[in-house]
């Protein structure tokens, strides 16, 4: 099976559907009762006729002197919406915060809060985004305005589905359907429901929810939302092996998507086309579509569309024997793969942290209320001459708390001693002895299941000069800074330890030689591009790296150590700041290094 598969497109289409809500800020039927008439009529055109919306928005700015304070605030919101649509997220955030600063309990303020949640998520500010979402969910019962409630439900459905909670997202989508304002199409609520169902992996190409959503959004004149559901339909057709139907659907919706100029849809369409052609065996067309996807990406973009495109290009180049190009595409694929997974993990962790923090706050509030009730009860009992029994209970409770407190302290001390026995006190990673014992154990595991692994030795270049020039305090800061960077490039299952001084060791689990070279090179580049800046001092970093893998050296730790050590020695003698792979021919270099380092 190739690296990556089309069913994983669910995650990108899910992101695309949620990004749509974040960009559009929730379409709603503007009511002249709640908002000024002229600006509201412009607002209603945002997704139905976007070019006309831009023209009228410019007219509003020319006539801004004739607008009252509420209309100007509404215009600020529409400016922020347009910035979000165009991907200018920092500008949109600033505009939304200005709208919220004046009031946050009216419909426009609520819409600004709702859009800001998704704006922050698009910028990777997940902690603040999910903190806002958690508080917004708690205040939902107090939101009386139908339009504001509808917008808030839409964004909560998006945020929870995006955080890997499709069941909760589905609940909010169902609430949206019931709360759809009179005279407004159910298109958007249906898209939110379909997106949540896609996240829960229950949709098929024949699902009435999916097909009905496409028809409803087309009838409502909402092509962008209809395109979202249509792209999900293409994904389901492909997943069910109906390749010709999937390709026909792509070709049918392509003109509409191109006309909308909505970036997430355009890049998704190119990615889907590349994957369909690949499965049909039409490799020239697959290559063309994959290159089109790559060309659409922006510098620094990390998403599933680019991940699939680089995987397809890597597979094609490898099968054609173009190994240099294949390696380049594989490195780009690894960057996309690691970046997307890291982003998903951070997003889910931010949601859980916000939820736990909010729960703790509620418990604290409930605890204070309960404490007040207990105090009132105690006063009543005092009046009835039962103070003695009450004090006895308090004493027993304090005694129990004291026991628990000391047990916790003892347990923490035990954990602290265990940590000190296995970890380096400066950097917090495994020290030499523990790293080697763990590496030997894990290599035996790899050997039993015939897995690949690689031992990597790293040595910071010219580290003695850092200590001599800036002192040992700066040297210690360099070591901790380097460890933080190295950790950021490793997976949870990889092993990292400090072998002594400025030398470190890594055991990459289930990693073939090609991937190990990519990881080592990534670490080298990351260190070289991240100098330490402390107290006005800039300390550049570079590292020499030696790699030894089980495919040539076997699973014996001592042999891998000699090979990696010799490769590291060779890297230093070749000019430092490079990666050298060890093999059976480096044993002599290892022996030479031992002789040179021994006293004469």
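Classify region 50-130 as rounded, prolate or oblate from the Cα gyration tensor: take a ≥ b ≥ c as the square roots of its eigenvalues, call it rounded if a/c is under 1.5, otherwise prolate when a/b beats b/c and oblate if not.
Oblate.
Would you please put 441-453, 82-94 in order of how densely packed they are, using the mean number of other Cβ atoms within 10 angstrom per residue and starting with the highest?
82-94, 441-453
Assuming R0 = 22 Å, what is the FRET efficiency of residue 52 and residue 258, from their Cβ-Cβ distance, to the nearest 0.05?
Plugging the Cβ-Cβ distance into 1/(1 + (r/R0)^6) gives 0.75.
If r is the Cβ-Cβ distance from residue 140 to residue 399 and R0 is 45 Å, what FRET efficiency results, to the nearest 0.05?
It comes to 0.55.
Return the whole-Å distance between the Cα centroid of region 104-155 and the Cα centroid of region 515-577.
If you average the Cα positions of each part, the centres end up 47 Å apart.
For labels at residue 335 and residue 98 in the simple 7 Å Cα→Cβ model, what's the distance in nm?
3.5
From the Cα gyration tensor of region 104-201, with a ≥ b ≥ c the square roots of its eigenvalues, which class applies: rounded if a/c is under 1.5, or else prolate if a/b is larger than b/c, or else oblate?
oblate
Return the distance in nm (one decimal) between the two label points of a simple spin-label model at residue 464 and residue 391, each offset 7 Å from Cα along Cα→Cβ.
7.3
Whole angstrom only: what separates the Cα centroid of region 228-287 from the Cα centroid of region 43-71?
If you average the Cα positions of each part, the centres end up 35 Å apart.
Between residue 215 and residue 552, what FRET efficiency follows from the Cβ-Cβ distance if R0 is 51 Å, with the result rounded to 0.05?
The calculated FRET efficiency here is 0.30.
How many nm is it between the label spots at residue 285 and residue 319, if each spot is 7 Å from the Cα in line with the beta carbon?
It is 1.5 nm.
If you take the square roots of the eigenvalues of the alpha-carbon gyration tensor of region 432-597 and sort them as a ≥ b ≥ c, do you get rounded (a/c under 1.5), prolate (a/b over b/c) or oblate?
Judged from the Cα gyration tensor, region 432-597 comes out prolate (a/c at least 1.5, a/b above b/c).
Read-outs throughout are calculated quantities, based only on the coordinates presented, and are distinct from any laboratory measurement. Predicted, not measured: the structure shown is a model, and the values here were computed from it. Every residue, glycine among them, receives a Cβ derived from its backbone with ideal geometry; neighbour counts consider all protein chains shown.
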